[in-house]
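The values are calculated or read from the model by the stated rules, or taken from the named source; none is laboratory data. What you are looking at is a predicted structure, and each value in this text was computed from that prediction instead of being measured. We place every Cβ from the backbone using ideal geometry, glycine too, and count neighbours over all the protein chains shown. All accessible areas refer to the heavy atoms of the entire protein, side chains included, with ligands and DNA or RNA removed. Shrake-Rupley method; radii C 1.70, N 1.55, O 1.52, S 1.80 Å.
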Amino acid sequence: MKYILGNWKMNGLCEETAVLAHEIALQPVHQSTNVIIFPPFTSIHIAKKELSGSKIALGAQDVSPEREGAFTGDISASMLKESGCKYVLVGHSERRLLHGENNEIVRKKATGAIANGLKPVICVGENLAERESGNYLQIIRDQVTHSLPSLTHSDSYLIAYEPVWAIGSGKTPTIRQITEVHKTIASLLYRDKSVAGETAITPILYGGSVKATNAREILSSEGVDGVLVGGASLKADEFCKIINSADGAGN
Ligand code: PGA
């Protein structure tokens, strides 16, 4: 199973959303591919209408860690569920950086999302200074250890490795760099010997400057269960090519 996720970020009024979601909904999706799009909150209802009857699922870009109450501007997991979302991004680097979200908040959001029947996509990744310090694997281990609801393999969440220096920059890590981090994350989840040898069930995705031209190579790499696409998911033809590249990219 491969996952192709489209994070639209803060882009698209309702009319643009309708056109983009409509075009993506026309794309045939292989039975072993999961496609999920993450529109802004205000366009979720439009995307839901356009995607109805298709195999494409909906997610939101963030969720409150709180259940309900006096949290002006926030959106709860149950509200997202009611809007038709099955997934939610938590701990995206733009949230961590621009909104001061730390691992503890990310963990609370992920836990609350699961309790309300949503699957969180928990994002982790090092910035350029951390990569250049050589200490990036330890930084990612710390993020994973403290952002996950529990440090074990589970199909109730997904993990997205997104090196901050690759997001929106056009720079992608080498396949070796991607697989090194994916293996490190997997070894944390499967460190418990009692589960060793079982089929991996927590999907680990890669994100950061994924395009139609590099998607197949990334998706075919060892330990990569899917991609989280930002900029390239805003162009229907480009995103549909990425969806197609999952076909035959291995399991
Ligand atoms: P990008 O964004 O594909 O535009 O680099 C990825 C992301 O932020 O999820």
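Of all the accessible heavy-atom surface of the chain, with the other protein chains kept in place and a 1.4 Å probe, what percent is carbon and sulfur? Don't skip to the answer; put the middle values down first.
Numbers: 6120 of 11780 Å².
After summing per-atom areas, the C and S share lands at 52 percent.
Using a Förster distance of 25 Å, how high is the FRET efficiency between Arg176 and Gln138, based on the Cβ-Cβ distance and rounded to 0.05?
Numbers: r = 18 Å, r/R0 = 0.74.
It comes to 0.85.
Which loop GluC sites (Glu not before Pro) in the range 108-151, with loop taken from DSSP, have no more than 11 other Cβ atoms within 10 angstrom of their Cβ?
none
From Cα coordinates alone, what are the radius of gyration and Dmax values for the range 76-223 in angstrom?
Computed over the Cα atoms of the range 76-223, radius of gyration and Dmax are 15.1, 44 Å.
Suppose all protein chains stay in the model; what accessible area per residue would a 1.4 Å probe give for the chain, in Å²?
Details: 11780 Å² over 251 residues.
It amounts to 47 Å² per residue over the chain.
Count neighbours as other Cβ atoms within 10 Å of each site's Cβ, and list the chymotrypsin sites (Phe, Trp or Tyr not before Pro) in the range 2-74 that are DSSP loop with at most 15 such neighbours. Can you show the working numbers first?
Details: sites: Tyr3, Trp8, Phe41, Phe71; in loops: Trp8, Phe71.
Sparse-neighbourhood loop chymotrypsin sites (Phe, Trp or Tyr not before Pro): Phe71.
Give the residue from Ile105, Ser93, Ser52 lying farthest towards the positive end of the charge dipole for the range 21-129; charges sit on Cβ (+1 for Lys and Arg, -1 for Asp and Glu) and the dipole is referred to the Cα centre.
Ser52
Report relative contact order for the range 52-181 in percent, whole number only (criteria: Cα-Cα under 8 Å, sequence separation at least 6). Don't skip to the end; give the middle numbers.
Values: 182 pairs, mean separation 29.6, N = 130.
So the answer I get is 23 percent.
In percent, how large is the relative contact order of the chain, given Cα pairs closer than 8 Å and 6 or more residues apart? It would help to have the intermediate numbers written out before the result.
On the way: 493 pairs, mean separation 51.5, N = 251.
Across the chain, relative contact order equals 21 percent.
Which value at 222 nm does the chain reach when only helices count, each DSSP H run of 4 or more adding -39,500 (n - 2.57), with the total divided by all residues and rounded to the nearest 500 deg cm²/dmol? Numbers along the way, then the final one.
On the way: 10 runs with 93 residues, N = 251.
Helix-only estimate at 222 nm: -10500 deg cm²/dmol.
At q = 0.09 Å⁻¹, what is the base-10 log of I(q)/I(0) for the chain according to the Debye formula with one equal point scatterer per Cα and no solvent? Please give it to two decimals.
For the chain, the Cα-only Debye profile gives -0.35.
Largest first and in whole Å, what are the equivalent-ellipsoid semi-axes of the range 8-70 based on the Cα gyration tensor, each being the root of 5 times an eigenvalue? Write out the running numbers ahead of the final one.
Working: eigenvalues 106, 45, 17 Å².
One finds semi-axes of 23, 15, 9 Å for the range 8-70.
Taking the Cα centre of the range 1-144 as the origin, how large is its charge dipole in debye, to the nearest 20, when only Lys and Arg (+1) and Asp and Glu (-1) carry charge on their Cβ atoms?
On the way: 16 positive and 16 negative charges, 103 e Å.
Around 500 debye, computed over the range 1-144.
Under a Cβ-only charge scheme (Lys and Arg +1, Asp and Glu -1), can you give me the dipole magnitude of the range 82-136 about the Cα centre, in debye to the nearest 20? Write down the numbers at each step before the final one.
Numbers: 8 positive and 7 negative charges, 54 e Å.
Around 260 debye, computed over the range 82-136.
Per-residue HN-Hα couplings for the range 203-219, Karplus 6.51 cos²θ - 1.76 cosθ + 1.60 at θ = phi - 60°, whole Hz, x for Gly and Pro?
x, 10, 9, 10, x, x, 6, 6, 9, 4, 7, 10, 4, 5, 5, 5, 5
For Lys49, which aspartates and glutamates qualify as cross-link partners when the Cα separation must be under 16 Å and same-chain residues fewer than eight apart are set aside?
Excluding near neighbours in sequence, the set is Glu15, Glu16, Glu23, Glu82.
If each of Glu222 and Ser150 carries a label point 7 Å out from its Cα toward its Cβ, how far apart are those two points in nm?
Inter-label distance under the simple model: 3.0 nm.
If R0 is 30 Å, what FRET efficiency do you get for Ser187 and Gln31 from their C-beta distance, rounded to 0.05? If you can, show how the numbers build up before the last one.
Values: r = 30 Å, r/R0 = 1.00.
The formula returns an efficiency of 0.50 here.
Quote the charge dipole size of the chain about the Cα centre in Debye, to the nearest 20; the model charges only the Cβ of Lys and Arg (+1) and of Asp and Glu (-1). Could the numbers behind the result be given before it?
Working: 25 positive and 27 negative charges, 55 e Å.
Charge dipole of the chain: 260 debye, to the nearest 20.
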